[in-house]
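Accompanying notes for the structure given below.
The numbers here are math on the coordinates, done by the rules we state, and not lab data. For clarity, every value in this text was computed on a predicted model and none was experimentally measured.
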């Protein structure tokens, strides 16, 4: 059984790499979505802190603590977002390099096929150039 061509193996690796890239993009999207939710919560808490209503005044300290926790969480998510963006870039670069290697492998395989076809043609030409009857004349 013939082994699988290098280009097909590399193509499978490219597909896997693109899948890893998509996973990293999904992680980034989740982090961005969480940051948006936290931003909305921060806006709500800030509105409550700055509210002139009598209802919110007793809870101002709790609101300030909540806002502080939300800011900390937002900073953590911002760091995670940067990590995910770097990971996406890294995975995309790996995939692009693998795609280049697939193209190179396919070109090499095509070149080998063409060389074999030329050699086969030469073999057929040489075989037809020396027919069996030419051996009879040389005796």
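Taking the C-alpha atoms only, the angle from helix 6-49 to the longest principal axis of the chain is near 10 degrees.
Between 114, 21, 37, where does the largest GNM mean-square fluctuation fall for the chain, given springs only between Cα atoms within less than 10 Å? It is 114.
Compared with the dominant principal axis of the Cα atoms in the chain, helix 60-129 is inclined by about 10°. Which whole-angstrom value gives the distance between the alpha carbon centres of the range 10-80 and the range 91-119? Going from one Cα centre to the other spans 45 Å. Overall form of the chain: prolate. Here a/c, set by the Cα gyration tensor axes a ≥ b ≥ c, is 1.5 or more, and a/b is the larger of a/b and b/c.
Note: relative contact order over the range 8-123, using C-alpha pairs below 8 Å and six or more positions apart, is 45 percent.
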